[in-house]
Amino acid sequence: MIMRIDVITLFPEFIESSTKIGVVGRAFERGLIEIATWNPRDFADGNYRKADDRTCGGGPGMVMMIEPLRRALAAIRAASGAEEAKAIYLSPQGTRLDQAKVAELAQRDHLVLLSGRYEGVDERFLQHAVAEEISIGDYVLSGGELAAAVLIDAIGRLQEGVLNDADSAVQDSFSNGLLDCPHYTRPVRDEWGDVPAVLLSGDHAAIRRWRLKQSLGRTWLRRPDLLQRVALDKKTRALLEEFQDEHAGKTMPGRESGD
Ligand code: ADE
């Protein structure tokens, strides 16, 4: 099933240009994912096609109006055949996005994303037409387009056929609850150090073990909060302990020489 993504945004050109690059851009080009953008201004009345208005109660900033958004959503429902479709609203008030949520959304065959601008969106639209709110982090952007682009990229790369190497998504940071291991390429010897010998040994079991150990160690050093959430079996815990013994008193792997 090819995923369809509809984005409601006052800046469709931003979403369109951000879906042109890299592996995800190629996936859109090859039709592995479909995307359509919908500008509430095109559904607004009057010469000015006004899609926002002053905030009730006074104060600075404008709020996106219900009617243009409602019509945009109706057009999406008609175009996609998804009569009940509700939107995901990108907002700092939403649930914080993580890889587990990305993986869950990547399974769906249709997503409607709503990018807000100004002070936000009329609360009544959120209550009636928005199924969930997602934040990409605890900071405030001037609009939801960047957040929607982040979400589209993270979801897009998980669609079947998008990544060349079938394993590369499985090996990502976070996909198993851990950070990724370090990576090296040629040259093997450099004035800033040599590639770890095990990676050149051709011993695949030893390489797998080394990578897992580095993943565990990095997560322990940099994101101990993540480590608390994964259940480690006995062998894996022993591997982490091996790393911890080797790194007692150090804070960042590979950075202890002060370079
Ligand atoms: N819109 C503004 N800030 C945002 C954030 N942190 N996440 C998602 N959407 C946003």
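A single member of ALA131, ALA87 is at pLDDT 95 or above, of a type in the set (Gly, Ala, Ser) and in contact with a strand residue (DSSP E or B) (Cβ under 6 Å, 6 or more places away or on another chain), and it is ALA87.
Applying the set (1) surrounded by 15 or more Cβ atoms within 10 Å (Cβ to Cβ); (2) at pLDDT 95 or above; (3) within 16 Å of the ligand (Cβ to nearest atom) to TYR118 leaves exactly one unmet item: (2). Within the stretch 123-140, the residues that satisfy the criterion of being out of contact with any helix residue (DSSP H, G or I) (no Cβ under 6 Å at 6 or more places or on another chain) and near the ligand (Cβ under 6 Å from one of its atoms) are SER135, GLY137, TYR139, VAL140.
Would you mind finding the one in GLU160, GLU241 that is assigned to a loop (DSSP other than H, G, I, E, B) and among the acidic types (Asp, Glu)?
Working: GLU241 fails: assigned to a loop (DSSP other than H, G, I, E, B).
Only one candidate qualifies: GLU160.
Within the stretch 188-200, identify whether any single residue is assigned to a loop (DSSP other than H, G, I, E, B) and at pLDDT below 95, and answer yes or no. Full working, then the answer.
From the stretch 188-200, those assigned to a loop (DSSP other than H, G, I, E, B) are 188, 191-192, 195-196; that's our starting set.
Cutting the leftovers down to at pLDDT below 95 gives us none.
No - not one qualifying residue is present in the stretch 188-200.
Against the conditions (1) modelled with pLDDT of 95 or more; (2) more than 19 Å from PHE14 (Cβ to Cβ), GLY59 satisfies every one except (1).
Yes/no per residue for (1) farther than 28 Å from LEU158 by Cβ; (2) exposed (fewer than 14 other Cβ atoms within 10 Å of the Cβ); (3) among the aromatic types (Phe, Trp, Tyr):
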| residue | (1), (2), (3) |
| --- | --- |
| SER173 | no, no, no |
| LEU179 | no, no, no |
| THR185 | no, yes, no |
| ASP194 | yes, yes, no |
| ALA197 | yes, yes, no |
| ARG209 | no, no, no |
| LYS213 | no, no, no |
| TRP220 | no, no, yes |
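Looking for whichever is within 15 Å of the ligand (Cβ to nearest atom) and surrounded by 15 or more Cβ atoms within 10 Å (Cβ to Cβ) here; the options are ALA106, ALA87. Which one fits? So the residue among ALA106, ALA87 that is within 15 Å of the ligand (Cβ to nearest atom) and surrounded by 15 or more Cβ atoms within 10 Å (Cβ to Cβ) is ALA87.
Only one of ALA51, ALA44, ALA27, ALA36 is more than 27 Å from GLU67 (Cα to Cα) and either at pLDDT 95 or above or within 19 Å of the chain's Cα centre (by Cα) (or both); which? Let's see the steps before the verdict.
Working: ALA51 fails: more than 27 Å from GLU67 (Cα to Cα); ALA44 fails: more than 27 Å from GLU67 (Cα to Cα); ALA36 fails: more than 27 Å from GLU67 (Cα to Cα).
Result of the check over ALA51, ALA44, ALA27, ALA36: ALA27.
Scanning the stretch 1-23 for residues that are touching a strand residue (DSSP E or B) at 6+ places or on another chain (Cβ under 8 Å), part of a helix (DSSP H, G or I) and in contact (Cβ under 8 Å) with a residue 40 or more places away in the chain yields a total of 1.
The number of residues in the stretch 141-163 being within 10 Å of the chain's Cα centre (by Cα) and near the ligand (Cβ under 9 Å from one of its atoms) comes to 4.
Exactly one residue out of ILE134, ILE152 is in the same structural domain as GLU34 (by TED's automatic domain parsing), within 26 Å of ARG26 (Cβ to Cβ) and not in a helix (DSSP H, G or I), and it is ILE134.
Of the set (1) within 28 Å of THR19 (Cα to Cα); (2) more than 11 Å from the ligand (Cβ to nearest atom), all apply to ASP190 but (1).
The values are calculated or read from the model by the stated rules, or taken from the named source; none is laboratory data. Note that the structure is a prediction, hence the values are computed from the model and not measured. No Cβ is skipped: glycine too gets one built from the backbone with ideal geometry, and neighbour counts run over all protein chains shown.
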